[in-house]
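Novice: Encoded as structure tokens, here's the structure I'll be asking about.
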Amino acid sequence: MTRSKVSREFLYTQEDFEYIKKLVHEESGINLSDAKQDMVYSRLARRVRALKIADFKQYCNYLDSHHQDELVHAINAITTNLTHFFRENHHFDLLKQQIIPEIVKQQPRGKRIRIWSAGCSTGEEPYSIAISLKDALPNYSQWDCKILATDLDTNVIDTCNAGVYDNKRIEPIDERNAKRWFSPHPSHANRVIIDNELKKDISFKQLNLINDWPVKGPFDVIFCRNVVIYFDKPTQQKLFARYYDLLAPSGYLLLGHSEQLGQIQEKFNALGKTSFQKK
Ligand SMILES: C[S@@+](CC[C@H](N)C(=O)[O-])C[C@H]1O[C@@H](n2cnc3c(N)ncnc32)[C@H](O)[C@@H]1O
């Protein structure tokens, strides 16, 4: 027995892990390798404790019998939500310096821009997109800009909607934009709150990327960064094909630094640094 297993509060067997792994894969596409066994324990032990359940076997039974309600908690606990403002900043430079000027010049669908932040986590990505649009678009108010921001995890969507962040989290934002879009929170020291003006063109929605999408498109840009690393290759390929269909002609697909398009890349021009333009 390893040290961590000896010190565990709840009994947790290989069989329990296999059960959770299968369920999580079916429900979210997230692929939990054996290396994630300890992570799964520590994230779900909180649920086992909160429900006053004896061990993981009983928790698996509970998941079986209270499927829909508990599944939301289990999936929320399993997702990895690491993000920050202007993460992988080269994509925001591309947006401001190439994509927006191109749309302004060509106006392929009039003064209309549609961007999807798929797997938006706690909102830093869509808010960074909104800040970039406000910066790059001359006469923003004359344009019809909409950002769709979606995530599987219901907790992170609540955080997006609240628009409240610790002071430290807005450090990557330049001073002018930090002052313009964030104010000290009225009742929480060391927190800031986002201006409603920045929020108003963003729709935050819970959406599971492996299910049907109530989404029309076409999108000028799809950000799907640091999401598909958790999926297996066939799930990634299906997802990319669906993004391709939803992108406007010459639309852009932006992935995370360690993600690759695979076979479908032949339908895109690679622009370097995980940025792709539909051919
Ligand atoms: C590491 S975060 C990335 C956040 C942001 N895109 C970034 O790059 O900073 C990955 C997000 O993908 C979401 N996610 C995982 N599986 C998903 C699925 N099947 N459908 C939608 N979102 C999913 C997680 O909940 C998590 O918030």
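The values are calculated or read from the model by the stated rules, or taken from the named source; none is laboratory data. Keep in mind that this is a model prediction, so the values were computed, not measured. Note that we place each Cβ from the backbone using ideal geometry, even for glycine, and neighbour counts take in every protein chain shown.
Novice: Considering only residues of the stretch 176-203 that are aliphatic (A, V, I, L, M) and under 21 Å from the mean Cα position of the chain (by Cα), which is surrounded by the fewest Cβ atoms within 10 Å (Cβ to Cβ)?
Specialist: Ranking the candidates gives 193 first.
Novice: So which of 74, 54, 45, 35 is buried (at least 16 other Cβ atoms within 10 Å of the Cβ), farther than 17 Å from residue 208 by Cβ and modelled with pLDDT of 95 or more?
Specialist: Going through 74, 54, 45, 35 in turn, the sole match is 45.
Novice: Just to confirm my filter: which helices (runs of 4 or more DSSP H) fall fully inside the stretch 134-214 and include at least 2 residues that are farther than 29 Å from residue 230 by Cβ and touching a residue at least 40 places away in the same chain (Cβ under 8 Å)?
Specialist: By residue number, 175-181.
Yes or no, residue by residue, for (1) closer than 21 Å to residue 77 by Cα; (2) in contact with a Cys (Cβ under 8 Å, 6 or more places away or on another chain); (3) surrounded by fewer than 22 Cβ atoms within 10 Å (Cβ to Cβ); (4) not assigned by TED's automatic domain parsing to the domain that holds residue 256:
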| residue | (1), (2), (3), (4) |
| --- | --- |
| 119 | yes, yes, no, no |
| 136 | no, no, yes, no |
| 154 | yes, no, yes, no |
| 169 | no, no, yes, no |
| 174 | no, no, yes, no |
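Novice: Same structure, new question: Would the stretch 204-226 turn up any residue that is touching a helix residue (DSSP H, G or I) at 6+ places or on another chain (Cβ under 9 Å), more than 29 Å from residue 162 (Cβ to Cβ) and buried (at least 17 other Cβ atoms within 10 Å of the Cβ)?
Specialist: no
Novice: Can you report the number of residues in the stretch 255-277 which are over 19 Å from residue 234 (Cα atoms) and in contact with a Lys or Arg (Cβ under 7 Å, 6 or more places away or on another chain)?
Specialist: Final tally of qualifying residues: 1.
Novice: Residues 63, 71, 95, 11: which one is touching a residue at least 40 places away in the same chain (Cβ under 8 Å) and assigned by TED's automatic domain parsing to the domain that holds residue 170?
Specialist: After ruling out the rest, the residue left standing is 95.
Novice: Anything in the stretch 100-121 that is away from the ligand (no atom under 16 Å from the Cβ) and either under 21 Å from the mean Cα position of the chain (by Cα) or among the hydrophobic types (A, V, I, L, M, F, W, C) (or both)? List them, or say none.
Specialist: 100, 103, 104, 113, 114
Novice: Checking residue 253 against (1) within 14 Å of the ligand (Cβ to nearest atom); (2) in a strand (DSSP E or B); (3) loosely packed, with under 13 Cβ neighbours inside 10 Å, which test does it fail?
Specialist: With respect to (1) within 14 Å of the ligand (Cβ to nearest atom); (2) in a strand (DSSP E or B); (3) loosely packed, with under 13 Cβ neighbours inside 10 Å, residue 253 is out only on (3).
Novice: Shifting gears a bit: If you take the residues of the stretch 57-71 that are of a type outside the set (Asp, Glu) and within 16 Å of residue 152 (Cα to Cα), which of them is surrounded by the most Cβ atoms within 10 Å (Cβ to Cβ)? Full working, then the answer.
Specialist: In the first step, residues of the stretch 57-71 are kept if they are of a type outside the set (Asp, Glu); the result is 57-63, 65-68, 71.
Within this subset, residues satisfying the condition of being within 16 Å of residue 152 (Cα to Cα) are 68, 71.
Numbers: 68: 6, 71: 15.
Checking each candidate, the answer is 71.
Novice: Among the residues of the stretch 41-52, is there at least one that is within 16 Å of the ligand (Cβ to nearest atom) and aliphatic (A, V, I, L, M)?
Specialist: yes
Novice: Right, another one. Determine if the stretch 87-99 includes at least one residue that is in a loop (DSSP other than H, G, I, E, B) and either under 15 Å from residue 252 (Cβ atoms) or within 9 Å of the ligand (Cβ to nearest atom) (or both).
Specialist: Going residue by residue through the stretch 87-99, those that are in a loop (DSSP other than H, G, I, E, B) are 87-89.
After this cut, where a residue has to be either under 15 Å from residue 252 (Cβ atoms) or within 9 Å of the ligand (Cβ to nearest atom) (or both) as well, the list is 87-88.
There is at least one residue in the stretch 87-99 that is in a loop (DSSP other than H, G, I, E, B) and either under 15 Å from residue 252 (Cβ atoms) or within 9 Å of the ligand (Cβ to nearest atom) (or both).
Novice: Are any residues in the stretch 141-152 under 14 Å from residue 218 (Cα atoms) and buried (at least 17 other Cβ atoms within 10 Å of the Cβ), and if so, which ones?
Specialist: 145, 147, 148
Novice: Take the conditions in the same structural domain as residue 113 (by TED's automatic domain parsing) and touching a residue at least 12 places away in the same chain (Cβ under 8 Å) and apply them to residue 270. Does it pass?
Specialist: Numbers: in the same structural domain as residue 113 (by TED's automatic domain parsing): yes; touching a residue at least 12 places away in the same chain (Cβ under 8 Å): no.
In short, no.
Novice: Go through (1) exposed (fewer than 12 other Cβ atoms within 10 Å of the Cβ); (2) modelled with pLDDT of 95 or more one by one and return the number of the condition residue 162 breaks.
Specialist: (1) is the only condition that residue 162 fails.
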